[in-house]
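So the structure is just underneath, and the comments pick up after that.
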Amino acid sequence: MTASLDLTFTLNGDAKTARVAPNTLLIDFLREACQLRGTKRSCDMQICGACTVLVDDRPVSSCTTLAADIDGAVVTTIEGLGGPDGLDPVQQAFLDHNALQCGFCTPGFILSVKALLHANPAPSHEEIVEHLNGNLCRCTGYHKIIDAVESLVRP
Amino acid sequence: MYPSPFTYHRPASVEAAVALLAEFGDDAAPYAGGTELLLAMKMGFAQYDHLIDLKRLPTLRTIANEGEFLSIGALATHAEIAADPTVRDLLPPLAALCGEVANPRVRSSGTIGGNLCFAEPRADPPALLAGLDATLILRSTSGERAVPAASFITGALETVRAADELLVRIDILLSERRVRYERIVFGHRTVAGAVAALGAPGQPERIWVGGVATCPAPLPLTQSLLDAEPGAADARLHDAVTQDIAALDIADDEEASADYRRHLAATVALRAIAGCREELQR
Ligand SMILES: Cc1cc2nc3c(=O)[nH]c(=O)nc-3n(C[C@H](O)[C@H](O)[C@H](O)COP(=O)(O)OP(=O)(O)OC[C@H]3O[C@@H](n4cnc5c(N)ncnc54)[C@H](O)[C@@H]3O)c2cc1C
């Protein structure tokens, strides 16, 4: 039984420890305690996908997950992928296909695509569309995002 | 939005989890995927002083072929069920449904047990499992009891589960029946779902609808018609389904009028029956 909770986890490749109140949500822990602001809060109900992060390579809505859940886990946020001097292939594909405009939804989309390709390295077109159904973008109309993913699967 | 503060418990065994439920009763909630629970707590619809984390109890997620039935641990996630070779082999419609509900994030955290215990009227698995004659195994400090899926949910967000009981697994009778689940989705949630489980000699025919009334419901006239005349003509089936659905208590809501939802329920029920019959003819 705990009023505060000690966590040990790996965040974007680095071993970490932290102490949190049990009702801390993963999104707040990442954005506030860890100051990683690439994870976006939007709908707050697991529909939009903007807060998607990877926990042990599984996609989760960090808005509706307890920070407690990452104890012992490996967490990847958008900051854990490539930076300006070396983009992750998924980031590069988004760039090459103009798959973003305002960029708000992009971290969530990119992590969602990472999760898809991790579980299924060769998804069909239908599987890509179905998977991305769980992320909302209000700029691109989705085609460019789907093209970006297609370019990784069927270059 | 934050969930209100609570004390967090991480029991090391199912016995310890059940003991915590016995100690705290109504003040405690099991925490499975949290996809409904945390949402309800964030929105202030639910408040608990104690959360009992089930996520680290691997014995609750086992999926096994027990010969007479397929046994699925309450903590198995939608994604795990969808990908499980045993489920895909023995009950493809359940694997297919679990692979398409919600979105990849909800499927990777949300559990079958959480879906059943939350008893959201728009949920899909409750009707499917009722139509499959599944049995839910509930455990408390005084032992286990078995509740048919057909009588587990009693209303919107209401079940027969007592506050000190944990749903530990779901046993699904394996039979020669052909099984079809059909649903229509608006936005993110089902507006009508139906299962048909038909065509095993000596076993009653099952047709259930879900997502339309406050809890899943069987279609008794349709079931009797098919029991008596497996090849009943489409027009008679249509009449029986329409009469059964007219008898259900269905309300207007923001998604659909009651009449429209009745129409959708009849449509999915007839599709499920037609799908089973097609398979039986093959
Ligand atoms: C965007 C979205 C779309 C969705 N679409 C669909 C859909 O198309 N079809 C569908 O069927 N569902 C849908 N759902 C619902 C989803 O299936 C459920 O949210 C999920 O399965 C709940 O499981 P959980 O493990 O997260 O439960 P939790 O949120 O952890 O728990 C739910 C409730 O059950 C209790 N509980 C959990 N496990 C147990 C147990 N083993 N014993 C006793 N009590 C327990 C908890 O205390 C809580 O009260 C959707 C949900 C979302 C957010």
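Would you pick out the residues in the stretch B:68-91 that are free of Cβ contacts under 8 Å to residues at least 24 places away in the same chain and either open to solvent by less than 10 Å² (accessible area, probe 1.4 Å) or more than 13 Å from every other protein chain (Cβ to nearest Cβ) (or both)? Hits for the stretch B:68-91 are B:D84, B:P85, B:T86, B:R88, B:D89.
Screening A:V90 with (1) open to solvent by 10 Å² or more (accessible area, probe 1.4 Å); (2) away from chain B (no Cβ under 14 Å); (3) of a type outside the set (D, E, K, R) gives one miss only, at (1). For the stretch B:31-63, the set of residues classified as more than 11 Å from the ligand (Cβ to nearest atom) and within 22 Å of the chain's Cα centre (by Cα) consists of B:P58, B:T59, B:T62, B:I63, listed by residue number.
Of all the criteria given as (1) open to solvent by 10 Å² or more (accessible area, probe 1.4 Å); (2) over 18 Å from A:L132 (Cα atoms); (3) touching a strand residue (DSSP E or B) at 6+ places or on another chain (Cβ under 7 Å), the one not satisfied by A:G13 is (3).
For the stretch B:1-57, the set of residues classified as more than 9 Å from chain A (Cβ to nearest Cβ) and assigned to a strand (DSSP E or B) consists of B:A28, B:A29, B:P30, B:I52, listed by residue number.
Within the group B:A232, B:A272, B:A256, B:A251, which residue is under 24 Å from the mean Cα position of the chain (by Cα), within 19 Å of B:R206 (Cβ to Cβ) and among the aliphatic types (A, V, I, L, M)?
Answer to the check: B:A272.
Please indicate, with yes or no, whether at least one residue in the stretch A:41-55 is open to solvent by 40 Å² or more (accessible area, probe 1.4 Å) and either away from chain B (no Cβ under 14 Å) or on the phi > 0 side of the Ramachandran plot (or both). The answer is no; no qualifying residue exists. Of the helices (runs of 4 or more DSSP H) lying entirely inside the stretch B:196-282, those carrying at least 3 residues that are closer than 16 Å to B:A150 by Cβ are B:220-228. Note on the stretch B:4-61: residues that are on the phi > 0 side of the Ramachandran plot and open to solvent by less than 20 Å² (accessible area, probe 1.4 Å) amount to 2.
Here the stretch A:126-145 is the region considered, the condition is being more than 14 Å from chain B (Cβ to nearest Cβ) and not in a loop (DSSP other than H, G, I, E, B), and the residue that is surrounded by the fewest Cβ atoms within 10 Å (Cβ to Cβ) is A:H143.
Among the residues of the stretch B:82-106, those that are assigned to a helix (DSSP H, G or I), within 22 Å of A:G49 (Cβ to Cβ) and touching a Pro at 6+ places or on another chain (Cβ under 9 Å) comprise B:L97, B:C98, B:P104, B:R105. When A:V75 is tested against (1) out of contact with any strand residue (DSSP E or B) (no Cβ under 9 Å at 6 or more places or on another chain); (2) modelled with pLDDT of 95 or more; (3) of a type outside the set (S, T, Y), only condition (1) is not met. Here's a check for you: in the stretch B:103-123, which residue that is open to solvent by 10 Å² or more (accessible area, probe 1.4 Å) and under 19 Å from B:A156 (Cβ atoms) is farthest from the ligand (Cβ to nearest atom)? Ranking the candidates gives B:P121 first.
Selection within the stretch B:203-224: residues that are in contact with a Leu (Cβ under 6 Å, 6 or more places away or on another chain) and over 14 Å from B:A119 (Cβ atoms). The member of this set that is least open to solvent (accessible area, probe 1.4 Å) is B:I207.
Can B:I245 be described as β-branched (V, I, T) and either open to solvent by 60 Å² or more (accessible area, probe 1.4 Å) or over 28 Å from B:G199 (Cα atoms) (or both)? Answer is no for this residue. Checking each residue in the stretch B:124-153 for being away from the ligand (no atom under 14 Å from the Cβ) and part of a strand (DSSP E or B) picks out B:T135, B:G143, B:A146, B:P148. May I ask you to list the residues in the stretch B:64-77 that are part of a strand (DSSP E or B) and within 16 Å of the chain's Cα centre (by Cα)? B:L70, B:S71, B:I72, B:G73, B:T77, listed by residue number.
The values are calculated or read from the model by the stated rules, or taken from the named source; none is laboratory data. No experiment lies behind these values; they were computed from the predicted model shown. We place every Cβ from the backbone using ideal geometry, glycine too, and count neighbours over all the protein chains shown. SASA here: full protein model, heavy atoms, side chains in, ligands and nucleic acids out. Shrake-Rupley method; radii C 1.70, N 1.55, O 1.52, S 1.80 Å.
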